[in-house]
1. Using a Förster radius of 22 Å, what is the FRET efficiency between residue 204 and residue 168 based on their Cβ-Cβ separation? Nearest 0.05, please.
2. Would you kindly state how much longer the chain becomes between residue 295 and residue 176 on full extension, computed as 0.36 nm times their sequence separation minus their alpha carbon distance, in nm to one decimal?
3. Taking θ = phi - 60°, what integer Hz values does the Karplus form 6.51 cos²θ - 1.76 cosθ + 1.60 yield along segment 98-105, in sequence order, with x for Gly and Pro?
4. Using a 7 Å offset from the Cα along the Cα-to-Cβ direction at both residue 51 and residue 160, what is the distance between the two label points in nm, to one decimal?
Amino acid sequence: MAQLALILTRLKRVLQPIRPYLRWLIVGLTLFFIASMVRQHWQEVRLLRLRAAGWQWLLISLSFTLSAHLWTGWVWSWILQILGQPVPRAWSMAVYLRTNIAKYLPGNVWHLYGRVVAAKEAGFSIGAATLSVVLEPLLMVAAALILAVINVRQNVALQLLGLAIVLLAIHPQILNPLLRFAQKLKGKPRPDRADASSIATGLQIQTYPIRPLLGELGFVLLRGIGMVAALQAIQSLDVAQIPLILSVFSIAWVMGLVIPGAPGGIGVFEAIAIALLTGHLPASLILGGVALYRLISILAEVIGAGLAYGKRFGNP
């Protein structure tokens, strides 16, 4: 463990000076790739038109995407529950929707910070809220990898390895020692943060989070269906193409989540989706579909935030 701590410390020192440049490098590369694809297929993209039932498919895409955000707000209450913080489901959904839009701010962490602050103001454990926003993306990644492995036949071994690592990482026997180790790496807490730090140190997961994991699987599936519907708005898809699209969506969404750089995965998701779908679908359909789905996704998040702010429901 001491050797691991030394390696992590050295790695942090090496990466610290280049982190700002690394972020801009990732953004630049993804934008260059997308711009290059658009330039190559510009004539095809110009000819794109929505199908006769295109607006209906876009409405279906918006409905599924908005439902996914409502659902994962509910799942967040399950995560808090296994951490000993039973919260009203309506409250967790409202907080999730209000804070989710903040992921597009630079830093890509303000939505998580907002949920911790909301939990503190509501009188819930800061430590449990902090741990919940750490667990949530891990569960989402595991769920997306499960969906990707089920629906794809390429690079299965690599995806299974990644899935196994994530599933092991959220096991109580692995996660609890890692949490204690991470707390030691932070060093002695500041006086004004002593209470929150002691709460976080004492937190432990008693059971494997299988229910939240299944819940996040539903979240990724709903969002994947939203992307399928966005593509359907432009061109009719064969049923045999849908599993591939769901798998590609899952992989692209995970990469947009874990790769630092653009807030909300903007650019990264699109670049990965375009790269993986190229050769399987017409280039113009891919470019138009991912652009439409990004607009649908942002619109769903704005509507969700508006509903949560407008009705003010779910205050505990």
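Any read-out appearing in this document is the output of simple, stated calculations on the displayed coordinates, not a laboratory observation. Since the model is a prediction, treat every value here as computed from it, not as a measurement. Neighbour counts are summed over all protein chains in view; Cβ atoms, including those assigned to glycine, are modelled from backbone coordinates with ideal geometry.
1. Numbers: r = 17 Å, r/R0 = 0.76.
Taking R0 as 22 Å, the efficiency between residue 204 and residue 168 is 0.85.
2. Numbers: separation 119, 0.36 × 119 = 42.84 nm, distance 3.89 nm.
The span from residue 295 to residue 176 would gain 38.9 nm if fully extended.
3. Values per residue, Gly and Pro as x: 5, 8, 4, 5, 6, 5, 7, 6 Hz.
4. Going from the residue 51 label point to the residue 160 one covers 3.6 nm.
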